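A.B. asks: Sharing a structure, written as structure tokens. Questions coming.
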Amino acid sequence: MSKRLDPSWVVMESIENPQHNRCVDVFRRPDGSFGFEEFRLDPEDAGEWTPVSYFSGLRYASKGEALAEAARGVAWLALR
């Protein structure tokens, strides 16, 4: 799990691009809110997913709302 995601957050869905070097995780927080974050996987990252945005601080009322906002905010995800 990325250092930017709190360990108490539960990843509900992880979506990778076709090249398997970018992903978006949609997660639920203990308070019931949802969020998402975009990550990259590059050789220099030693096999760790590295956050590339600061979406994880935003809060949504549902998983669907978080996914919709992720599709608006992450260009490659909108093209899937």
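What follows draws every value from the coordinates through simple rules; no lab data is involved. As the structure is a prediction and not an experimental result, all values here were calculated from the model. Glycine also receives a Cβ, built like all others from the backbone with ideal geometry; neighbour counts cover every protein chain displayed.
A.B. asks: Any idea what angle helix 63-73 forms with the longest principal axis of the chain, computed on alpha-carbon atoms, 0 to 90 degrees, nearest 10?
C.D. replies: 50 degrees
A.B. asks: Here's something else I'd like to know. Which one is right for this structure if Rg/Rh (Cα atoms, Kirkwood Rh) is calculated from it: (1) 0.95; (2) 1.03; (3) 0.99?
C.D. replies: Here the calculated entry is (1).
A.B. asks: Sticking with this structure for a sec: With the contact rule set at Cα under 8 Å and sequence spacing of 6 or more, what percent relative contact order holds for the chain?
C.D. replies: Worked out over the chain, it gives 25 percent.
A.B. asks: With 10 angstrom as the radius, rank Asp25, Asp6 by how many other C-beta atoms surround their C-beta, starting from the fewest.
C.D. replies: The fewest-first ordering by Cβ neighbours comes to Asp6, Asp25.
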